[in-house]
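Undergrad: My questions all concern the structure below.
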Amino acid sequence: MIDLHFMKKIPPGAEACNVLVGELEFLNKPVVAFVRVSPAVLINGLAEVPIATRFLFILLGPLGRGAQYHEIGRSIATLMTDEVFHDVAYKAKDRNDLIAGIDEFLDQVTVLPPGEWDPSIRIEPPKNVPSQEKRKKNNLLPNGLVEGEEEDEDGDHGGPELQRTGRWFGGLFLDIKRKGPHYLSDYSDAISLQCVASFLFLYCACMSPVITFGGLLGEATEGRISAIESLFGASLTGIVYSLFAGQPLTILGSTGPVLVFEKILFKFCKEYGLSYLSLRTCIGLWTAFLCILLVATDASSLVCYITRFTEEAFASLICIIFIYEALEKLLHLGEHYPFNKNNNLDKLTTYSCACVEPSDPANGTMKFWEVNNITASEIYWEALEVKDCIEKRGEFVGPACGPHGPYVPDVLFWCVILFFSTVVMSAFLKEFKFSNYFPTKVRSIISDFAVFITILTMVLVDYALGIPSPKLKVPNVFKPTRDDRGWFINPLGPNPWWTAVITVVPALLCTILIFMDQQITAVIINRKENKLKKGCGYHLDLLMVGIMLGVCSLMGLPWFVAATVLSITHVNSLKLESECSAPGEQPKFLGIMEQRVTGLMIFMLMGSSVFMTSMLKFIPMPVLYGVFLYMGASSLRGIQFFDRITLFGMPAKHQPDLIYLRHVPLRKVHLFTVIQLSCLILLWVIKTSRAAIVFPMM
């Protein structure tokens, strides 16, 4: 009977070496034969699994030495597992070649003295196996260099896709030529459960920032661009980008500098009596034109000058911002759901909070009442609910009242529990594939769907308890937020004609923002460590972003560009690992599942969210904040900068065996890290100041 489970662990094209030993009465001395079969043949009943046999080792000897023959057989089997010796066995022409191969193996082998270790214990296999190339070549590599690291440590991005062509749109045509043959496979390769898990996770992760960004934009622009426009713009841009971009693994999102730019522009328009949407459309069209001009002149080739230093500073800062904002949003809930820090448990029965007419109303309150025809004396204030009391500018009086209304401690503390439970459960389930429970396939499915299972669990628990935690609010009507605007914006509108020309100046700043945000994220995604096989398309990516920026401007929708943390998370969720590993062997990283379907499904589902409000309204916001924290923290993994920070407080004997520590003095590593940390702090100061708009240029 064939062992199918074992067959899965054997790589395609593998051939067998059968080692046969035994004793015969009539033999006076051992007889040894090493046979190489050409071509390899399938010998039924000999091997445990039906694969072709290439080598046969036969040892027959006189009676009484069975244990010795068995050990010789084991030694030959060990020899044949050696990468170098089995190459020798394939190419050997005579007995001397085999003996030379055995001598070389014995020179390299590590011997454990029998009295110094216990043969009954199991030695765990290493995470990385040293390269054997140094044994195959005369020019030796540095000791212990892991296979592939000599290429991976090369930090430049100067591949053929970033070479200047000297022709208009030359780089773009090469991108299309490079990506064209893989277009159909970008869809067929997505037939996997891992892709389903990825898009369900990223859909939940993308929804909240898009709606939050729309809400903030609505506050900044007095509702001219708000949540529904943000949702529609993200969906439209994301679908087109996923269909035609050069690197569909990149996820588009809203960025802080763009929001700062929108606030400054709206304030400027209000002060000078200009139409904000029309002026913004002109700037957007100029920016789209300049982006296309950058594509035409192969400006994306400048990306080759972005080093690991810049990549890590940018990625680290964005990850830290994600973590900071997640915690900030959680703390901000304390303002909406205050709790009494000075409770007297014996007086809980006397605690009350009532709405009353303001005893000394402010001028703003008086004006509000006058504009809305409200007569304070005619209102029965004590009967008003919390929301109505706030709307009518009443006052809350009583020992159970906070600054903005009654104390609601259960909501805040439940939000904290939801938040940290989401982070812990997501991390636990993601690492579940390395646990000892359940079969490998089950562990893998649980790991892939970790975040989605967590969100589903938290939604069910929250619903069961019934505590009124803040929920995700999705627009339920597909129409512009304000009635005085449509889905097409006239670039001039009521503005003077010269505004169409002068807007090229702010468009230059916008172009730099878009170019840097897009291309630094693309560089991080296209790193050699990710082992991408289908190539990248920097010029094609920028073209799609530029075109959609123009379309969104004409439709009065927000602008979207590559989102670093979401893109890194997307890539991490699509990692492929080897299945054909021996029992106990660590699975090898094979690359990323490169396809377009996950991005396409994320943004298609986002566009249809308007019609799914009945389901989405049950998702608690603290759960999504917890997902943000998890994404930010998990994206920090693999960033060398953070590995180097941990070395500061670590004695040399406990430091991990990192390749750069073998060749660079520790003091220089620390100096490099301090410089990088200083730049990161400077970036953080700029990001949190009024100069945030120049952050990508810094």
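Undergrad: Restricting attention to region 464-477, which residues are touching a strand residue (DSSP E or B) at 6+ places or on another chain (Cβ under 9 Å) and open to solvent by 50 Å² or more (accessible area, probe 1.4 Å)?
TA: Hit for region 464-477 is 471, nothing else.
Undergrad: Tell me whether region 206-227 contains one or more residues that are open to solvent by 10 Å² or more (accessible area, probe 1.4 Å), touching a Pro at 6+ places or on another chain (Cβ under 6 Å) and either closer than 25 Å to residue 506 by Cβ or aliphatic (A, V, I, L, M) (or both).
TA: yes
Undergrad: Go through region 237-275 and report how many residues are assigned to a helix (DSSP H, G or I) and open to solvent by less than 50 Å² (accessible area, probe 1.4 Å).
TA: Count: 17.
Undergrad: Are any residues in region 79-108 out of contact with any Leu (no Cβ under 8 Å at 6 or more places or on another chain) and β-branched (Val, Ile, Thr), and if so, which ones?
TA: If the condition is that a residue be out of contact with any Leu (no Cβ under 8 Å at 6 or more places or on another chain) and β-branched (Val, Ile, Thr), then 81, 84, 99 are the ones that fit.
Undergrad: Right, here's the next one. Please state which one of 560, 515 is buried (at least 23 other Cβ atoms within 10 Å of the Cβ) and closer than 19 Å to residue 310 by Cα.
TA: Criteria check complete, one pass: 515.
Undergrad: Filter region 452-481 for residues that are under 15 Å from residue 207 (Cα atoms), of a type in the set (A, V, I, L, M, F, W, C) and at pLDDT 80 or above and give the result.
TA: The answer is 452, 455.
Undergrad: Looking at region 534-543 only, could you name the residues that are surrounded by fewer than 24 Cβ atoms within 10 Å (Cβ to Cβ) and either at negative phi or among the hydrophobic types (A, V, I, L, M, F, W, C) (or both)?
TA: Across region 534-543, the qualifying residue is only 534.
Undergrad: Just to verify a result, which residue in region 351-364, among those that are without any contact (Cβ under 8 Å) to a residue 24 or more places away in the chain and either basic (Lys, Arg) or open to solvent by 80 Å² or more (accessible area, probe 1.4 Å) (or both), is nearest to residue 408 (Cα to Cα)?
TA: Residue satisfying both the conditions and the ranking: 360.
So that you can scan it fast, the table gives a plain yes or no per residue for (1) under 22 Å from the mean Cα position of the chain (by Cα); (2) within 23 Å of residue 290 (Cβ to Cβ); (3) assigned to a loop (DSSP other than H, G, I, E, B):
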| position | (1), (2), (3) |
| --- | --- |
| 475 | no, no, yes |
| 492 | no, yes, yes |
| 535 | yes, no, yes |
| 540 | yes, yes, no |
| 543 | no, yes, no |
| 557 | no, yes, yes |
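Undergrad: I've got another one for you. Report yes if residue 81 is under 41 Å from the mean Cα position of the chain (by Cα), at pLDDT below 85 and farther than 25 Å from residue 24 by Cβ, otherwise no.
TA: For residue 81, the condition - under 41 Å from the mean Cα position of the chain (by Cα), at pLDDT below 85 and farther than 25 Å from residue 24 by Cβ - is not met.
Undergrad: Pick from region 365-384 the residues that are free of Cβ contacts under 8 Å to residues at least 12 places away in the same chain and either of a type outside the set (A, V, I, L, M) or touching a Gly at 6+ places or on another chain (Cβ under 9 Å) (or both): which of them is least open to solvent (accessible area, probe 1.4 Å)?
TA: 375
Undergrad: Here's a follow-up. Only residues that are under 22 Å from the mean Cα position of the chain (by Cα), surrounded by fewer than 17 Cβ atoms within 10 Å (Cβ to Cβ) and among the charged types (D, E, K, R): list them for region 293-341, please.
TA: The answer is 328, and nothing else.
Undergrad: Which residue, of 300, 278, is among the polar types (S, T, N, Q), touching a residue at least 40 places away in the same chain (Cβ under 8 Å) and in contact with a His (Cβ under 6 Å, 6 or more places away or on another chain)?
TA: Exactly one of 300, 278 is among the polar types (S, T, N, Q), touching a residue at least 40 places away in the same chain (Cβ under 8 Å) and in contact with a His (Cβ under 6 Å, 6 or more places away or on another chain), namely 300.
Undergrad: List the residue pairs whose Cβ atoms are under 9 Å apart, where the first residue sits in region 95-107 and is without any contact (Cβ under 8 Å) to a residue 12 or more places away in the chain, the second is surrounded by 15 or more Cβ atoms within 10 Å (Cβ to Cβ) and part of a helix (DSSP H, G or I), and the two are 6 or more positions apart or on different chains.
TA: These pairs meet every condition: 97/88; 97/89.
Undergrad: Which number in (1) open to solvent by less than 80 Å² (accessible area, probe 1.4 Å); (2) of a type outside the set (D, E, K, R); (3) over 18 Å from the mean Cα position of the chain (by Cα) marks the one condition that residue 522 misses?
TA: (3) is the only condition that residue 522 fails.
Undergrad: A follow-up question, please. Filter region 414-459 down to the residues that are part of a loop (DSSP other than H, G, I, E, B) and not polar (S, T, N, Q), then identify the one that is surrounded by the most Cβ atoms within 10 Å (Cβ to Cβ).
TA: Per the stated criteria, the residue is 449.
Undergrad: Only one of these conditions is not met by residue 548: (1) open to solvent by 10 Å² or more (accessible area, probe 1.4 Å); (2) in contact with a strand residue (DSSP E or B) (Cβ under 9 Å, 6 or more places away or on another chain); (3) outside any helix (DSSP H, G or I). Which number is it?
TA: Going through (1) open to solvent by 10 Å² or more (accessible area, probe 1.4 Å); (2) in contact with a strand residue (DSSP E or B) (Cβ under 9 Å, 6 or more places away or on another chain); (3) outside any helix (DSSP H, G or I) one by one, residue 548 breaks only (3).
Undergrad: Shifting gears a bit: Is region 297-305 home to any residue that is within 29 Å of residue 555 (Cα to Cα) and either of a type in the set (Asp, Glu) or at pLDDT 80 or above (or both)?
TA: Looking for residues that are within 29 Å of residue 555 (Cα to Cα) and either of a type in the set (Asp, Glu) or at pLDDT 80 or above (or both), one finds at least one in region 297-305, hence yes.
Undergrad: Now a separate question. Can you report the number of residues in region 611-663 which are under 26 Å from residue 336 (Cα atoms) and open to solvent by less than 40 Å² (accessible area, probe 1.4 Å)?
TA: Number of matching residues: 16.
The values are calculated or read from the model by the stated rules, or taken from the named source; none is laboratory data. Just so you know, these numbers come straight off a predicted model, no measurement behind them. Ideal geometry is used to build each Cβ from the backbone, glycine not excepted, and the neighbour counts take in all protein chains shown. These accessible areas exclude ligands, DNA and RNA; they are computed on the full protein's heavy atoms, side chains included. Shrake-Rupley method; radii C 1.70, N 1.55, O 1.52, S 1.80 Å.
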